[in-house]
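The values are calculated or read from the model by the stated rules, or taken from the named source; none is laboratory data. Please read these numbers as outputs of a predicted model, since none were measured by experiment. Using ideal geometry, Cβ is built from the backbone for each residue, glycine included, and neighbour counts are taken over all protein chains shown. Ligands, DNA and RNA are stripped out before the accessible areas are found, and what is left, the full protein with its side chains, is counted by its heavy atoms. Shrake-Rupley method; radii C 1.70, N 1.55, O 1.52, S 1.80 Å.
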Amino acid sequence: MKCYATSNSPYARKVRIVALENGVYEKVDWQIITREERAQIVPDINPLGKVPVAVMESGQVLCDSPVICAYIDSLTKDKNLIPTSGPKRWEVLTLEAFGDGLGEAVIAASQEDQRPGEKRSQGIVDRQVGKANAALGFLDNVAKDFNTPPLMGEIAVACALGYMEFRDVIPGWRNKYSNLGDWYTEILKRQSFVDTNPD
Ligand SMILES: N[C@@H](CCC(=O)N[C@@H](CS)C(=O)NCC(=O)O)C(=O)O
């Protein structure tokens, strides 16, 4: 399988971390592309123009990080980051969706903030930063219940936090949300996170 990713995308990072954690990284032909290459190559594979996107040997295309992560997780039978059944499955997938949603809010805030003066809307920035702060407050309360080692949900949350910090969307968040900040400091020590740090 070929998988297209940019080095800073939190969604592509999720996919790479799942492959690393499950020991199947070498089974994927990673295409780490620039934003310019993404604009040239990806729309022919995924009409939405987004990474990550994967193409299987058969030519079948997998779009959207939750789908690609679920596929990669299905390759291993002895180690699953997404429980295959029961209430725990839905708990893990819901935390993943929550992490992805936090990622959407911080990407939207950061993109709006970077628009030139006359086009930039402070209202949009405030709205998205407000969503991110609400999510951080919620996650700070539940961080004590997070799975160790992390499952798919925790990986998605940590990737969103990584992008948020990389773009400095919420300065000082680790002190303000210290349960979450302390948990995040620990998860960053995992080799899969070290190997995929945004640059
Ligand atoms: N829901 C998608 C979101 C993917 C996404 O937003 N990717 C961004 C990079 S972080 C992208 O490729 N943006 C390019 C564009 O929208 O044109 C997923 O989980 O994979």
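Put simply, the amide H of residue 53, placed in the peptide plane, has neighbours under 5 Å in 4, leaving out anything fewer than 5 places away on its chain. Relative contact order, whole percent, for segment 1-105 stands at 28, derived from Cα pairs under 8 Å and 6 or more residues apart. The spacing between segment 132-173 and segment 6-68, judged by their C-alpha centroids, is 22 Å. Which residues does the label zone of residue 166 cover in segment 9-46, counting backbone N under 11 Å from a point 7 Å along Cα→Cβ? Output list for this probe position: 9-14.
One chain, two ends: residue 25 and residue 7. Fully extended at 0.36 nm per residue, the span grows by 5.0 nm beyond their Cα-Cα distance.
Only Lys, Arg, Asp and Glu count, each charged at its Cβ (+1, +1, -1, -1), so figure out the dipole size of the chain about its Cα centre, rounded to 20 debye.
So the magnitude is around 160 debye.
Residue-wise HN-Hα couplings along segment 106-116, as the Karplus relation 6.51 cos²θ - 1.76 cosθ + 1.60 with θ = phi - 60° gives them from phi, are 6, 5, 4, 4, 5, 5, 5, 5, 8, 5, x Hz; Gly and Pro carry x. Sorting 56, 164 on solvent-accessible area from highest to lowest, probe radius 1.4 Å, gives 56, 164. 3J(HN,Hα) couplings calculated from phi for segment 163-179 with the Karplus curve 6.51 cos²θ - 1.76 cosθ + 1.60 (θ = phi - 60°) are, in sequence order, 5, 4, 6, 4, 8, 6, 6, 10, x, x, 4, 5, 7, 5, 10, 6, 4 Hz; Gly and Pro show x. Multiplying the residue separation of residue 175 and residue 84 by 0.36 nm and subtracting their alpha-carbon distance yields 29.2 nm. Overall, the accessible surface of the chain at a probe of 1.4 angstrom is composed of carbon and sulfur to the extent of 51 percent. Once both labels are positioned 7 Å from their Cα atoms along Cα-to-Cβ, the gap between residue 195 and residue 122 label points is 4.6 nm.
Using a cutoff of 8 angstrom between alpha carbon atoms and counting only pairs six or more residues apart, the relative contact order for segment 130-199 works out to 37 percent. Rounded to the nearest 500 deg cm²/dmol, what is the calculated helix-only ellipticity per residue at 222 nm for the chain, with -39500 (n - 2.57) per DSSP H run of length n ≥ 4? Result for the chain, helices only: -17000 deg cm²/dmol. Protection proxy ranking of 96-103, 181-188, 146-153, 15-22, by the mean of other Cβ atoms within 10 Å over each peptide's residues and highest first, is 15-22, 96-103, 146-153, 181-188.
Converting phi to 3J(HN,Hα) with the Karplus coefficients 6.51, -1.76 and 1.60 and the offset θ = phi - 60°, segment 60-67 yields 5, 9, 10, 10, 6, 4, x, 5 Hz in sequence order, with x at every glycine or proline.
For residue 7, nonlocal amide neighbours, meaning residues 5 or more places apart or on other chains whose placed amide H falls under 5 Å from its own, are 33.
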